[in-house]
Amino acid sequence: MIIKNKDLLCSKAIIGDWCNAFDKSTFNIMNPATNESIGTLPNMGEHETIKAIEIANEAFQMWKNQTVDFRSNILRSWAELIRENKDDLAVIMTMEQGKTIKESIGEIVYSASFLDWYAEEAQRPIGRMMPAHQTDQKILITHEPLGVGATITPWNFPALMVMREVAPALAAGCTVVIKPSELTPLTPLALVKLAIDAGLPLGVLSVITGDKKNTPKIGDVLTSHLKINKISFTGSTATGIMLAKKAMESVKKMSLELGGNAPFIVFDDADIDAALTGLISSKYRNSGQACVATNRVFIQKGIYNDFIVKFIKKVELLKVGNGLDADVDMGPLISIEASENMENYIKDSLLKGGELLTGGKRHKLGKSFFEPTVIANASDEMMPCQCEIFGPLTMIQKFDSEEEVIKLANNSIHGLAAYFYSNDRKRSWRVSEALKAGIIGENTVSFSTPRAPFGGYKQSGIGRNGGSEGLVEWQEVKYRCIGDLN
Ligand code: NAD
């Protein structure tokens, strides 16, 4: 597959305008399927980050004073350009991230829908007048743009993780410095190039690129600089906690979208075929590398044997390969280390009594490819049940009662997504209320929409992306008490 619009394959970062690192140093972006370099980008650090913040602060004074119509029109034009270039953007994403081309196209189109939605949402009235506590007063509550934000994003959804932050931020009148993952910066850069083509004034969005070694230097500036008003971070819980501690020293607003450990429960009364389809998708999409990916599967005893036989048949049909090949269901993992993690999880599970039903080792295609794997007889002590697997490994447990499975499902420090399949109306209410998670998939795994708030309970995060909640995350609330009016 070739990229038609070659300009989308960027070799510079954007600080106000396209630029190199001050010392001209670069780093390589690798294709996880071939382990070959697909390009180089500026290896930036603290000085470039400071400059990006200064430029974003200047741009903020202009951007916040534009009309909502002006901002919304740019968001809409940007969305159109993304859709026009979706095939090229998808090739870039698959080359740097590994996911299948079909998934990449889906992610690109879905990312653009955040621009459509926030272009409209920004026009809704926000704020209110309240009865005052004195007769000569009026009380007015208004929302204002928060200021300059920094968005730090992971590699698993290189487009979506940026766009679901940047769309509400721009709609609210904020400017943003983006720090994408060092593994997948090409997609965010291509997207921001299209924003500029759509008429976004320079400086409103900057993209700083840097390798793994330079990342903490960039992070230190972003979390401490007094002109940064908000950090929106998406990534692992450990990194999120570390950055939150630093950002708290200057009391920055924060939204944190962190790790998950989603339970997937199938009750005896469920539609088994629907549950099987949902499980395959929620577990093996993006090779299992999603924060909302199923992590632990609980099957009720009455349907257990039947379910397992049918599930294994489906898993064994999944075709592993280079994501650029059209008929592939699952691409490589992001790195060789990710494959090593999988091996450790499987070893630990089998030592603790797990039963390997299929897969279990690296795929013959190469070191970062892994076989879709299923382990039954799973238990809470096994490593992959305690932490986020982030790979194509399904851990299955049998359960007896509703009460028992709720306890098992909630036994995690995380609380992002939870899924269950049941056709019992009363049970549906009980279970959805009892699960401690920010997102509940009830007889479905496709809940993604820009209209709904996305975020987690417990150590899965703070704040929400999407929905009207996502816009408020980029606003300050001001209370005006106006006196002496009699
Ligand atoms: P990560 O925490 O390693 O990195 C995330 C981002 O933080 C990257 O851009 C990385 O370069 C940056 N980073 C790391 N150390 C930093 C530092 N000292 N200063 C500044 N930036 C720093 O996570 P990852 O491996 O890229 O992504 C996988 C994780 O992301 C998983 O835990 C997954 O669940 C989570 N995730 C969560 C959501 C959600 O919506 N809750 C969505 C996608 C991914």
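The values are calculated or read from the model by the stated rules, or taken from the named source; none is laboratory data. Only a predicted model underlies this, so the values are computations on that prediction, with no experimental measurement involved. Using ideal geometry, Cβ is built from the backbone for each residue, glycine included, and neighbour counts are taken over all protein chains shown. What goes into the accessible areas is simple: the full protein's heavy atoms, side chains included, and nothing from ligands, DNA or RNA. Shrake-Rupley method; radii C 1.70, N 1.55, O 1.52, S 1.80 Å.
Mind counting the residues in segment 398-407 that are closer than 22 Å to residue 306 by Cα and either in contact with a helix residue (DSSP H, G or I) (Cβ under 9 Å, 6 or more places away or on another chain) or within 16 Å of the ligand (Cβ to nearest atom) (or both)? Number satisfying all stated conditions: 4.
Among residues that are in contact with a Gly (Cβ under 7 Å, 6 or more places away or on another chain), of a type outside the set (A, V, I, L, M), exposed (fewer than 15 other Cβ atoms within 10 Å of the Cβ) and at pLDDT 95 or above, residue 451 is included.
Pairing residues of segment 450-465 that are without any contact (Cβ under 8 Å) to a residue 40 or more places away in the chain with residues that are open to solvent by 40 Å² or more (accessible area, probe 1.4 Å) and more than 11 Å from the ligand (Cβ to nearest atom), at Cβ distances under 6 Å and at least 6 apart in sequence or on separate chains, gives 453/469. Of the residues making up segment 334-359, those that are more than 16 Å from the ligand (Cβ to nearest atom) and surrounded by fewer than 19 Cβ atoms within 10 Å (Cβ to Cβ) are 343, 344, 347, 348, 350, 351, 352, 353, 355, 356, 358.
Based on what the data block shows, is residue 327 free of Cβ contacts under 8 Å to residues at least 40 places away in the same chain, assigned to a loop (DSSP other than H, G, I, E, B), open to solvent by 30 Å² or more (accessible area, probe 1.4 Å) and in contact with a strand residue (DSSP E or B) (Cβ under 7 Å, 6 or more places away or on another chain)? Here the answer is no, as residue 327 does not meet what is asked. Taking the stated definitions as given, is residue 237 farther than 26 Å from residue 23 by Cβ, within 11 Å of the ligand (Cβ to nearest atom) and at pLDDT 95 or above? Answer is yes for this residue. For the residues 388, 371, the requirement of being open to solvent by 30 Å² or more (accessible area, probe 1.4 Å), closer than 30 Å to residue 96 by Cα, acidic (Asp, Glu) and within 23 Å of the chain's Cα centre (by Cα) singles out 388.
Of all residues in segment 242-267, which are in contact (Cβ under 8 Å) with a residue 12 or more places away in the chain and surrounded by fewer than 17 Cβ atoms within 10 Å (Cβ to Cβ)?
If the condition is that a residue be in contact (Cβ under 8 Å) with a residue 12 or more places away in the chain and surrounded by fewer than 17 Cβ atoms within 10 Å (Cβ to Cβ), then 246, 249, 250 are the ones that fit.
For segment 294-317, filtering for residues that are open to solvent by 10 Å² or more (accessible area, probe 1.4 Å), in contact (Cβ under 8 Å) with a residue 60 or more places away in the chain and touching a helix residue (DSSP H, G or I) at 6+ places or on another chain (Cβ under 6 Å) leaves 0.
Under the condition of being in contact (Cβ under 8 Å) with a residue 40 or more places away in the chain and either of a type in the set (Val, Ile, Thr) or more than 8 Å from the ligand (Cβ to nearest atom) (or both), which residue from segment 224-234 is surrounded by the fewest Cβ atoms within 10 Å (Cβ to Cβ)? It comes out as 227.
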